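Attaching a single structure in structure tokens format; questions to follow.
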Amino acid sequence: MKDRTSRAYNIADLREMARRRLPKGLFEFVDRGTEDEVSWRNNRTAFERIKFRPRTLVDVSGRTQQVTLFGKTHTMPIAIAPTGTAGLLWHEGEIALARAARQAGIPFTLATGSMTAMEKVAEQAGGTLWFQLYMWPDRSLSHRLVQRALAAGFEALIVTVDGAVSANREYNLRNGFTIPFSFTRRNVTDVLMHPRWLLGVLTRYLVTMGMPRYENYPSEIKYKVTARPMGRSQMKNDSLNWEDLRQLRKLWPHTLLVKGVLHPQDATLAVDCGADGVIVSNHGGRNLDGAVSPIEVLPEIVDAVGSRITVLVDSGFRRGSDVVKGLALGAHAVLIGRGTLYGIAAGGEAGAARALAIFREEIDRVMALLGCRSVAELGADYLSRPEPAWQSAAPAHSALRLLDTARTAAEI
Ligand SMILES: Cc1cc2nc3c(=O)[nH]c(=O)nc-3n(C[C@H](O)[C@H](O)[C@H](O)COP(=O)(O)O)c2cc1C
């Protein structure tokens, strides 16, 4: 039987399939932003403000979208971003994502908060594997994860630094979608109304290993999604600082990346601490509402550190054209979060493969229509974009403030 996701012609189609398949609480957990969702919306509209300036009569028949990241060549300029709940969207969804990534010739990042153990992903999927680390207040627990990732053969460590405290996602509370899960009439009805998810995902876990758990957590604190986290050792880490990064640099001998950077000075500090790259990200608009869109600050960050380390970017990339814009603004590659999550929610590994195929076809078409033969050729010259609003507005704003102060002084 033909995979149903082959009828998805773009990422929005996959999103719609995911919406139908998942309980509403779970879909919104994946799909939405935080608070008033200003950053989440801006992550998409920021792309609309950037236009292409194509060149013509260029022979693009030999074009390629290959990129080299940390000494390895990949067939496409994208990687799969870490997403903690992939295993709730599809049974062992992390393995499905990693296999699709290997098949497509791109890296896959496994999140600390995944439902499948890192050793199992390495064994059953293979490919280029990166591991994302959340640092707990008890650093020694996180350092143990680092050692496990090293032993399991992960090639890069991604330290996420944009979540000092938990985000305020009010819709999760309304939907009763909290961790620990609490069973309410509303969310039980929600689950019962989505039998494909109930049977294909939850029931499969229940009959094989019981309630899904955070399988990467050290055994003494490993808990099920229905259980209450065990005290402060597992809370978000509001004391994380640059010294932690220096320490991780000593522990981790391979590629070290810092994820969640939006300021050029932080990118420079990451270089000073020995990082091999930064990921310019606002966590897909899921953490600090009102944070700038990564695509808006990418050029400044590339200017600051792009010649010394690798600059990756994510948040809001849903089309090949978005990816090409990111590359033209200096990113070495783009991470995809929800795009491939919609894919696995809609159809497991085949759905993730479909999402990646959509990106590949779209990137290829845009490059051809732009008159561009390789990622190395892409540059800001292919784009037309407005001055970032705060740069053009700032002088006028400060001038007005000065005028106000002068007026007030005169009135006194
Ligand atoms: C459901 C979900 C779970 C996520 N979990 C994590 C995580 O555990 N660690 C992390 O660093 N980022 C996490 N992210 C953020 C992604 O890595 C990435 O920054 C973001 O999804 C990119 O934006 P996009 O979804 O618009 O592509 C998560 C994102 C989603 C949608």
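The values are calculated or read from the model by the stated rules, or taken from the named source; none is laboratory data. In this text, all values refer to a predicted model and were calculated from it rather than measured experimentally. Here Cβ is always computed from backbone atoms with ideal geometry, including for glycine, and neighbour counts include all displayed protein chains.
Do you know which residues across segment 66-91 are away from the ligand (no atom under 16 Å from the Cβ), under 23 Å from G284 (Cβ atoms) and not hydrophobic (A, V, I, L, M, F, W, C)?
H74
Additional query: Looking at segment 118-143, which of its residues are over 19 Å from Q66 (Cα atoms) and either at pLDDT below 95 or hydroxyl-bearing (S, T, Y) (or both)?
Once the filter is applied, which keeps residues that are over 19 Å from Q66 (Cα atoms) and either at pLDDT below 95 or hydroxyl-bearing (S, T, Y) (or both), segment 118-143 yields G126, Y134, M135, W136, P137, D138, R139, S140, L141, S142.
Can you list residue pairs whose Cβ atoms sit under 6 Å apart, with the first residue in segment 247-273 being at positive phi and the second being among the aliphatic types (A, V, I, L, M)? Count only pairs 6 or more apart in sequence or on different chains.
Qualifying pairs under 6 Å: G260/V161.
Yes or no, residue by residue, for (1) of a type in the set (S, T, N, Q); (2) crowded, with 24+ Cβ neighbours inside 10 Å:
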residue	(1), (2)
F108	no, yes
E119	no, no
A122	no, no
W136	no, no
Q147	yes, no
A151	no, no
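Name the helices (runs of 4 or more DSSP H) wholly inside segment 262-344 in which the number of residues that are within 30 Å of G93 (Cβ to Cβ) is 2 or more.
The helices (runs of 4 or more DSSP H) meeting that bar are 294-305, 320-328.
Of all helices (runs of 4 or more DSSP H) completely enclosed by segment 1-89, which ones contain at least 2 residues that are surrounded by fewer than 23 Cβ atoms within 10 Å (Cβ to Cβ) and among the charged types (D, E, K, R)?
Here the list reads 11-21, 24-31, 38-48.
Could you list all residues from segment 235-254 that are crowded, with 20+ Cβ neighbours inside 10 Å and either away from the ligand (no atom under 15 Å from the Cβ) or in a helix (DSSP H, G or I) (or both)?
Of everything in segment 235-254, those that are crowded, with 20+ Cβ neighbours inside 10 Å and either away from the ligand (no atom under 15 Å from the Cβ) or in a helix (DSSP H, G or I) (or both) turn out to be L245, L248, W252.
Please go through segment 307-359 and give me each residue that is under 21 Å from S384 (Cα atoms), away from the ligand (no atom under 11 Å from the Cβ) and basic (K, R), ordered by number.
R319, K325
Hey, among S374, S315, which residue is surrounded by fewer than 24 Cβ atoms within 10 Å (Cβ to Cβ) and either touching a residue at least 60 places away in the same chain (Cβ under 8 Å) or more than 15 Å from the chain's Cα centre (by Cα) (or both)?
S374
For segment 190-212, how many residues are surrounded by 11 or more Cβ atoms within 10 Å (Cβ to Cβ), β-branched (V, I, T) and free of Cβ contacts under 8 Å to residues at least 40 places away in the same chain?
Count: 1.
Shifting gears a bit: Can you pull out every residue in segment 157-189 that is without any contact (Cβ under 8 Å) to a residue 60 or more places away in the chain and of a type in the set (A, V, I, L, M, F, W, C)?
L173, I179, F181, F183, V188
Hey, any hits in segment 264-273 for a residue that's within 14 Å of the ligand (Cβ to nearest atom) and touching a helix residue (DSSP H, G or I) at 6+ places or on another chain (Cβ under 9 Å)?
There is no residue in segment 264-273 that is within 14 Å of the ligand (Cβ to nearest atom) and touching a helix residue (DSSP H, G or I) at 6+ places or on another chain (Cβ under 9 Å).
Which one of these is without any contact (Cβ under 8 Å) to a residue 40 or more places away in the chain and more than 17 Å from the chain's Cα centre (by Cα): A98, A117, A122, A104?
Going through A98, A117, A122, A104 in turn, just one is without any contact (Cβ under 8 Å) to a residue 40 or more places away in the chain and more than 17 Å from the chain's Cα centre (by Cα): A122.
Still on this model: Quick one: which residue in A328, A350, A346, A368 is more than 18 Å from the chain's Cα centre (by Cα) and within 17 Å of E48 (Cα to Cα)?
A328
Still on this structure, please answer the following. For segment 171-213, which residues satisfy the criterion of being modelled with pLDDT of 90 or more and among the hydroxyl-bearing types (S, T, Y)?
Matches in segment 171-213: Y171, T189, T203, Y205, T208.
Are any residues in segment 360-373 among the small types (G, A, S) and within 16 Å of the ligand (Cβ to nearest atom), and if so, which ones?
Listed by number, the list is empty, since nothing qualifies.
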